[in-house]
Structure formats: structure tokens, C-alpha cells
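Take a look at the structure set out below.
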Amino acid sequence: MRILFSLFLTGWLACAGPAFSQVPDPLYGLTIDNTKDLQDIVASVGGLRRKPTTRIVFDEKVPASQYVDAVIQLKKVSYIMGEILDSFPMRKYSVSDYIGRTHDYLDMLGDKVDIWEIGNEINGDWLGNTSDVVAKMTGTYDIIKNAGKTTELTLYYNQGCAKKPSNEMFTWVQANIPSRMMTGLDYVLVSYYEDDCKGLQPDWPTIYQRLAVMFPNSKLGFGECGTKYKARKEQYVKRYYGLKIDAPRYVGGYFWWYYKQDMVPKTKPLWDVINTAMSGY
């Protein structure tokens, strides 16, 4: 009877709607792609006028135990989003290895991470075989959802820039994301790098309105943005963090990828830029 109840509960949770998130709207996101110089990172994040959500990129082949201190310290000054694995090393992991990694990180950090990014730039054509990508995505979603934690999926906007039509964002979503995720994901965020898409300025309200129909219960926003070109950084920070998009359940985000490089320590000029941009949202 206990086994049957456990199986029922697992199935019910996998089909359940979004979980309650402890992170208030809107999201003021930033990304930390390594945790070296932790004291400077914490001081920079903690100095922002708005309490941000720090997205920590958990590096490949690094055990969850190595992030405990960073998560604890950053949790004192921000909310935490944990990125289980970045998109580029995804293809290096078998399905079983990725699922195992998810269990390890959840077991070690489950009570410290507010939002779990179950897949990053999931429709990118560099992630590997589509069937494997889908198995990793759905398996991880079920694990996090069954644990009662908050789930987030990052899509990659590439309309007109995708190498293969099958990897175009909306096409891939419709073909590969199951209905339980369509209705159950807490957050669906979009990664966009205009440098990779010929400087295209998309019609974001239309895009997010379409996503709102596809994901009727999810909060929507940007999960990643940035530029490696120094001359464009200030302009891009102001552009993205200044966006106010009229779409259902739009919560911001943005999660500037280069926060560690550009805003740590907080004496760097771009720290003032992002601090002001966040304050005006």
C-alpha cells in the first residue's frame, strides 16, 4: 500500500501545476559563472538597491559540495537560482549522468536554492541529440517537481538565426515539451544574445504573449542576456533591464551573464549602471 501511494504521489506531483515560489515579482536577475573571489561577489550583490536573484552556474564535473559555501553566503543577500548545467557541456553528459547530477545537487542544495533551472537554452542546436536532450529535460523536471521545488526552463530565442528550422524556439517547444511541463513549469525564461542574431530587435510583447498561451501557468521573462563587446555593455544593460513588456505574467529577470566580470567588485563603472537600471524597473 505504501509503495502504491508513493507511486501515485510521484505521478500526481509530476502533473501538478506550478509550485509556490518564495521569490517575489519582479525578478532582478544576475548571473555568476564562477564563485572565485566570493567576498567581492557577495559585497557587490549585497550592495544593490533591489534584492536580486543570483543565478549560479554549476560547472561541469564539479560536485555540489563545492558550491555549499557560495550558496549560503549569497543567500544572505539575494535569492538563488541554481543552473544545474550550462547548455554547452550538456552534450558531454549521458542521460543517466545528467539525472544523477540532478539528484546530487538537489540532495546537497535543495533547501538553499529558490529556483532550479532544469535546462539551459534547451532548444540550442549544440546540446546534442534531441531525444537525449528531451530525456534530460523531462527527467530533471520530474525530479525537481516531485521534490516540491520551483522549476525554471530557459529557452533560446533564435528566430531567423537557427541553423536548423527544427531548433527554432517555438517549433522546438511545440515538438518536444510535454503537456505536464507546459502547464507545470513555474518559470519559462528566454535567453537572447543579439550579437548572435545580427543585432535583431525582436517584437518582445508579441513573443511573450505567444509564450503566455503556450505556458498558461508559468511566469515569463528573460533568463540570460549580455555581450562580450565592451563598447556595447552599458547600452545593453540599460536596454534589457529597462524593458517593460505588456504580456501576462511577465516578471523581468534578464540575468546578465557577465555580472562577475563586469560588476565585481562594485567599484567597477558598470555596477552603477546595473544598479540604476534595476532600481528603475
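Between the C-alpha center of the stretch 137-186 and that of the stretch 52-70 there is a gap of 22 Å. The Cα-based radius of gyration of the stretch 73-123, divided by its Kirkwood radius, gives an Rg/Rh of 1.01.
For the stretch 2-279, a simple Cβ point-charge model (Lys and Arg +1, Asp and Glu -1, everything else neutral) yields a dipole of about 440 debye relative to the Cα centre.
Multiplying the sequence separation of K51 and W126 by 0.36 nm and subtracting their Cα-Cα distance, what value in nm do you get? Numbers along the way, then the final one.
Working: separation 75, 0.36 × 75 = 27.00 nm, distance 3.36 nm.
Stretched out fully, the K51 to W126 stretch lengthens by 23.6 nm.
With a Förster radius of 41 Å applied to the C-beta separation of A247 and V68, the computed FRET efficiency comes to 0.65.
Under a 5 Å amide H cut-off, with hydrogens placed 1.01 Å from N, D186 pairs with A19, T151 among residues at least 5 apart or on other chains.
For chymotrypsin sites (Phe, Trp or Tyr not before Pro), the sites in the stretch 93-187 that DSSP calls loop and that have at most 15 other Cβ atoms within 10 Å are W126.
For Y229 and D196, calculate 0.36 nm times their separation in residues minus their Cα-Cα distance, and state this gained length in nm to one decimal. Mind dumping the intermediate values first?
Numbers: separation 33, 0.36 × 33 = 11.88 nm, distance 1.20 nm.
The span from Y229 to D196 would gain 10.7 nm if fully extended.
With 0.36 nm allotted per residue and the present C-alpha distance subtracted, the T183-N34 stretch has 50.4 nm of extension available. Helical content of the chain, expressed as a calculated mean residue ellipticity at 222 nm, amounts to -12500 deg cm²/dmol (DSSP H runs of 4 or more residues, -39,500 (n - 2.57) each, divided by residue number, nearest 500).
Once you order the gyration tensor axes a ≥ b ≥ c over the Cα atoms, which shape class does the stretch 23-97 get: rounded for a/c under 1.5, otherwise prolate or oblate by comparing a/b with b/c?
Values: a/c = 2.49, a/b = 1.71, b/c = 1.46.
Prolate, because a/c is 1.5 or more and a/b exceeds b/c.
For the stretch 137-171, list residues with backbone N below 19 Å from a point placed 7 Å from the Cα of R91 toward its Cβ? Residues passing the 19 Å test: 137, 155-158, 161-169.
Using DSSP to define loop residues, name the GluC sites (Glu not before Pro) in the stretch 53-135 whose beta-carbon has at most 13 other beta-carbon atoms within 10 Å. Present the calculation step by step, with values, prior to reporting the outcome.
Values: sites: E60, E83, E117, E121; in loops: E60, E121.
Qualifying residues, ordered by number: E60.
Packing-based ranking of 214-226, 25-37 yields 214-226, 25-37, ordered from highest to lowest mean Cβ neighbour count within 10 Å.
Read-outs: derived from the displayed coordinates by stated rules, not from any lab. Treat the numbers as computed from the prediction; the structure is a model and nothing was measured. Please note: Cβ atoms are built from the backbone with ideal geometry, for glycine as well, and neighbour counts cover all protein chains shown.
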